[in-house]
Amino acid sequence: MENLKDYVRSIPDFPKKGILFRDITTLLKEGKIFKKVIDKLARYYKDKGIERVVVIESRGFVIGSALAYKLGAGVVLIRKKGKLPAKTVSIKYELEYGFDTLEMHYDAIEPGMKVLIVDDLLATGGTARATLNLVKKRKGKVVGFCFLIELTDLKGRRKLKGYDVYSLIKY
């Protein structure tokens with residue numbers, strides 16, 4: 001596979017000074033590259049018996065939904081508080097500065113279901129860990145975590161210790 005980093009745009013000082021934002025929209029717009037990415041991820045997860053792909057708002061929706069389609073699995077949306085219309089289960093988690101809350105529909109995961117958690121980027125691991133805890137509230141069995149990009153210096157894998165973490169692009 002060609003170097004996927006060539007398809008990711010780096011934007012300095014976004015959304016605030018000192019942040020180097022990794023923009024995946026430049027990869028997503030290239031149909032053949034996007035297809036290769038999803039096909040590669042699907043090969044990695046094809047024999048894991050995944051029943052639900054849990055996708056984190058919002059770029060995780062794009063990657064995770066395409067992957068779920070390839071795996072024949074259902075999609076579960078993780079949203080910020082107040083965005084889902086039916087009964088939800090929620091979890092409050094700590095950010096670098098303050099707290100936030102994530103929610104999913106209560107009936108999205110049944111106890112014992114095999115779940116894959118997907119997002120576009122692993123940084124500190126806080127959102128992924130909160131999502132893990134949300135899935136655990138419904139007694140889902142997390143098979144692993146899948147990311148398009150991993151920022152290794154931020155050591156997000158530490159918060160996901162004991163779980164399979166797979167990422168295609170590392171910075």
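Odds and ends about this structure:
- Contact map, the range 140-168: first residue crowded, with 16+ Cβ neighbours inside 10 Å, second residue part of a strand (DSSP E or B) and of a type in the set (Ser, Thr, Tyr), Cβ cut-off under 6 Å, separation 6 or more or different chains; pairs are CYS146/TYR166; PHE147/SER167; GLU150/SER167.
- Among residues of the range 1-28 that are more than 13 Å from TYR171 (Cα to Cα), those with a Cβ under 7 angstrom from a residue that is part of a helix (DSSP H, G or I) and among the polar types (S, T, N, Q), sequence gap 6+ or separate chain, pair up as TYR7/THR26.
- Among the conditions (1) crowded, with 16+ Cβ neighbours inside 10 Å; (2) among the acidic types (Asp, Glu); (3) not in a strand (DSSP E or B), the only one that GLU103 does not satisfy is (3).
- Among the criteria (1) under 23 Å from THR152 (Cβ atoms); (2) part of a strand (DSSP E or B), the one ASP6 does not fulfil is (2).
- Taken over the range 29-61, the residue count meeting the criterion of being part of a helix (DSSP H, G or I) and more than 21 Å from TYR171 (Cα to Cα) is 8.
- Any hit, the range 87-100, residues being over 17 Å from THR127 (Cα atoms), touching a strand residue (DSSP E or B) at 6+ places or on another chain (Cβ under 8 Å) and not aromatic (Phe, Trp, Tyr): yes
- Matching residues in the range 111-133 - criterion: being over 19 Å from GLY98 (Cα atoms) and assigned to a helix (DSSP H, G or I): LEU132
- Restricting the first member to the range 102-131 and to residues that are at positive phi, and the second to residues that are part of a loop (DSSP other than H, G, I, E, B), the beta-carbon pairs closer than 7 Å and six or more apart or on different chains are GLY112/LYS139.
Results for (1) of a type in the set (Asp, Glu); (2) closer than 16 Å to ILE56 by Cβ; (3) out of contact with any Lys or Arg (no Cβ under 6 Å at 6 or more places or on another chain), shown as yes or no for each residue.
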site: VAL89; (1), (2), (3): no, yes, no
site: TYR106; (1), (2), (3): no, no, no
site: ALA123; (1), (2), (3): no, yes, yes
site: LYS136; (1), (2), (3): no, yes, yes
site: GLY144; (1), (2), (3): no, yes, yes
site: LEU151; (1), (2), (3): no, yes, yes
site: LYS155; (1), (2), (3): no, no, yes
site: LEU160; (1), (2), (3): no, yes, yes
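- Note on the range 51-66: among residues that are surrounded by fewer than 23 Cβ atoms within 10 Å (Cβ to Cβ) and hydrophobic (A, V, I, L, M, F, W, C), the one that is nearest to the chain's Cα centre (by Cα) is PHE61.
- Unique residue being surrounded by 15 or more Cβ atoms within 10 Å (Cβ to Cβ), of a type in the set (Phe, Trp, Tyr) and either farther than 27 Å from ASP153 by Cα or modelled with pLDDT under 95 (or both) when the list is TYR69, TYR97, TYR93, TYR45: TYR93
- Selection count where residues are modelled with pLDDT under 95 and β-branched (Val, Ile, Thr), scope the range 16-41: 1
The values are calculated or read from the model by the stated rules, or taken from the named source; none is laboratory data. No experiment lies behind these values; they were computed from the predicted model shown. Please note: Cβ atoms are built from the backbone with ideal geometry, for glycine as well, and neighbour counts cover all protein chains shown.
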